[in-house]
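Everything on this sheet refers to the single structure shown next.
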Amino acid sequence: MNRRVAIIGAGISGVSIAYHLAKEGMKDIIVFDKGYFASGATGRCGAGVRQQWGTETNCILAKRSMEFFEKADEILEYDDTVELKQEGYLILATTEEEVEDFQKNVVLQNSLGIPSRVLTKEEALEIVPHLNPDAFISATFCPTDGHLNPFKMTEAYYKAGQRMGVDFHFFEEVLSLTVSDNKVTEVITDKGTYTVDVVINAAGGYSKEIGDLAGINIPVYSENHEILVTEPVEQLQGPMVMSFSKNIYCQQVPHGSFLMGRTTPNQPKGHDISSSWQFLDAMSQTVCEIMPLIGKLSLVRQWGGSYNISPDHQPIISRAEELTNFYMACGFSGHGFMLAPMTGEIMADLIFNRPSSVIDLSELSIERFKGKTEFDIEKSVV
Ligand SMILES: Cc1cc2nc3c(=O)[nH]c(=O)nc-3n(C[C@H](O)[C@H](O)[C@H](O)COP(=O)(O)OP(=O)(O)OC[C@H]3O[C@@H](n4cnc5c(N)ncnc54)[C@H](O)[C@@H]3O)c2cc1C
């Protein structure tokens, strides 16, 4: 199958897609990025990987992705390590509604083979003793959830793709697409014009704009999400601690720093990724309420990055119906890092035009939004 495939974006989605296509023998793959690999949301993310989701689709994608991450160094023949830390996610229920929802989520997760369980407050405190016992009612825990190094994970895919002949063009921006006879025929960048047979939009926060270049209206938008990192200290916390109702995730990474983030309410849609004192203030108050001990640490840095949000907060991995050769992997709504292995696998299924062994492809299709104004929204998000 010698066809020229252009992938726009070398974040975790783009490099995973390139790897999966090359692994299946596809030749002549070009990946464009206006920066370097991981210069978009991927290099700015918390890189938490969890399987405790509220929808079957997300549970399946996350579980199958975790199976890949567990063997990623080996499968990708990486000359370093992706630093998988698998010490679980502890998700706090702080309202009676959450207690009930989380019980249902655990039943769903267990039915799909995810080893999560409901914990009493006392059991949660045994796992993370510095939790404020007054801040939550109960919790759920999945011991195989965890964290990766986002730069190394992306590099592992990049190097594996490169070894199989994928041509990465960094610091090259896609400016326009030529569409003719229901196909994209050319990708025009700031460095040249490329004749293409297939185009894959993996442009993260800019995927809507890339869709516009092809005349495809992708129902996603971008929103700034901020995060911060503290000084490194001795190991205090194994799992990621997360609460949807309190709006926090907080993880100690292997070198000792704590990474934490939350959603700033009423963020305007757009490409702003600046840092704000409002985030710093709210983040500090939230973490001091949930884990007062962490409040004693000094901050090193804060930054922002784009969530690319879809109407149901689940990804769009799809071909555009209107064009025969334009595909997209976007709308990850703040959890595209942890789903990337399946993003690549499912995109390969779409491009090779075969049913997926992972999931019913219609679940992730852009068509699912057509003519709908109300959606079954994944609630398990920060
Ligand atoms: C603060 C924060 C915390 C997060 N925490 C987590 C987490 O814990 N777990 C998790 O799973 N997810 C998390 N996410 C979400 C995750 O970062 C994203 O879903 C994921 O990285 C998306 O990867 P991507 O490859 O699709 O997009 P990106 O990483 O954004 O990559 C897109 C690439 O496209 C390039 N590009 C854009 N336009 C063009 C163009 N015109 N020409 C050429 N190149 C172009 C960009 O330069 C960029 O490198 C977080 C996000 C943020 C912001």
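On the given criteria, is Ala10 within 23 Å of Tyr327 (Cβ to Cβ), assigned to a loop (DSSP other than H, G, I, E, B) and in contact (Cβ under 8 Å) with a residue 40 or more places away in the chain? Answer is yes for this residue. Being in contact with a strand residue (DSSP E or B) (Cβ under 8 Å, 6 or more places away or on another chain), of a type in the set (D, E, K, R) and either within 15 Å of the ligand (Cβ to nearest atom) or closer than 22 Å to Val382 by Cβ (or both): is that true of Glu231 here? So Glu231 fails the test. Here the helices (runs of 4 or more DSSP H) wholly within the stretch 91-194 that include at least 3 residues being within 27 Å of the chain's Cα centre (by Cα) are 96-111, 150-163. Does Tyr78 satisfy being assigned to a loop (DSSP other than H, G, I, E, B), outside the structural domain of Glu155 (by TED's automatic domain parsing) and modelled with pLDDT of 95 or more? Considered against the rule, which asks whether it is assigned to a loop (DSSP other than H, G, I, E, B), outside the structural domain of Glu155 (by TED's automatic domain parsing) and modelled with pLDDT of 95 or more, Tyr78 comes out as yes. Summed over the stretch 80-113, the residues that are of a type in the set (Ser, Thr, Tyr) and touching a strand residue (DSSP E or B) at 6+ places or on another chain (Cβ under 7 Å) give a count of 2.
Can you tell me which of Ser207, Ser176 is within 9 Å of the ligand (Cβ to nearest atom) and not β-branched (Val, Ile, Thr)? After applying the criteria, what remains is Ser207. How do the strands (runs of 3 or more DSSP E) wholly within the stretch 270-382 filter down when requiring 1 or more residues that are away from the ligand (no atom under 16 Å from the Cβ) and not small (Gly, Ala, Ser): which remain? Of the strands (runs of 3 or more DSSP E) lying wholly inside the stretch 270-382, those with at least 1 residues that are away from the ligand (no atom under 16 Å from the Cβ) and not small (Gly, Ala, Ser) span 316-319.
With respect to the conditions (1) crowded, with 23+ Cβ neighbours inside 10 Å; (2) of a type in the set (S, T, N, Q); (3) near the ligand (Cβ under 9 Å from one of its atoms), Ser39 lacks only one, and its number is (1). Quick test of your reading of the structure: Thr57 fulfils all but one of (1) within 30 Å of Phe102 (Cβ to Cβ); (2) within 14 Å of the ligand (Cβ to nearest atom). Name the failing condition by number. Only one criterion is unmet by Thr57, namely (2). Scanning the stretch 12-36 for residues that are closer than 15 Å to Met347 by Cα and either within 6 Å of the ligand (Cβ to nearest atom) or under 18 Å from the mean Cα position of the chain (by Cα) (or both) gives Ile12, Ser13, Gly14, Val15, Ser16, Ile17, Ala18, Tyr19, His20.
The values are calculated or read from the model by the stated rules, or taken from the named source; none is laboratory data. These numbers were taken from a predicted model, which means no experiment stands behind them. Glycine also receives a Cβ, built like all others from the backbone with ideal geometry; neighbour counts cover every protein chain displayed.
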